[in-house]
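The structure appears right after this line, and notes come after that.
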Amino acid sequence: MASPFSKQDSRWAISPACRILGIVLAAAALLATISPAAARIVKNDDGEDPADPRLVFGQIARAWEDMDERALADLVHDDGLSVSTGSSGERRTHYSPSQAYYYFKNIFHSHRTLLFEFRKVQDASAGDRVHGMADWKRRRPDSEQVQELKLVCVLARQGDRWLLVEINKIR
């Protein structure tokens, strides 16, 4: 009599894609327990659409957690980056792609990133702009007090790529 888990019964067979996904998820969980600064969006790049904005959100998360101002500046749209700060976005500053490098460099100099994680990411079918809501836990180098911010990062199309055009601080 055949076991209910035999390879002959396709109901119980695990596809190679499911095995790979399981391995990727297990590795991500392990990295999350080892390093609190591990990027939180994990995607398998094999066979993925390079125009998928979720990949760009993942790159932003990794670069932010690594405090890599060059990588972030490289993800800024040619039209520049608009940043709003303050509780109601009352202060808005526009940076060219080259100025964005110094914007990121300054914020990473004044704050250490403990966590940068996208909680929600809008579907790309929504149009020519895609929003992602992120939690940013940070602290000043001279303090142990952790600050938690919520940011909305907006991507826009540039040719066949999605690139960063806005960062908005929200309550």
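Read the figures in this text as sums done on the coordinates, not as results from a lab. Please read all numbers here as calculations on a predicted model, not as lab measurements. Cβ: placed from backbone, ideal geometry, glycine included. Neighbour counts: every protein chain shown.
A few notes on this one:
- Length added when fully stretched, His131-Lys105, from 0.36 nm per residue minus Cα-Cα: 7.0 nm
- Full extension of the chain between Asp78 and Leu114 yields a length gain of 10.1 nm, computed as 0.36 nm times the residue separation minus the alpha carbon distance.
- If you plug the beta carbon distance of Glu90 and Arg161 into 1/(1 + (r/R0)^6) with R0 = 41 Å, you get a FRET efficiency near 0.85.
- Least to most buried among Ser143, Ser125 (fewest other Cβ within 10 Å first): Ser125, Ser143
- Per-peptide packing, taken as the mean over residues of other Cβ atoms within 10 Å, places 93-105, 53-65 in the sequence 53-65, 93-105 from highest down.
- Listed by Cβ neighbour count within 10 Å, with the fewest neighbours leading, Met67, Met133 appear as Met133, Met67.
- Rounded to the nearest 0.05, the FRET efficiency derived from the C-beta distance between Asp142 and Asp52 at R0 = 41 Å is 0.55.
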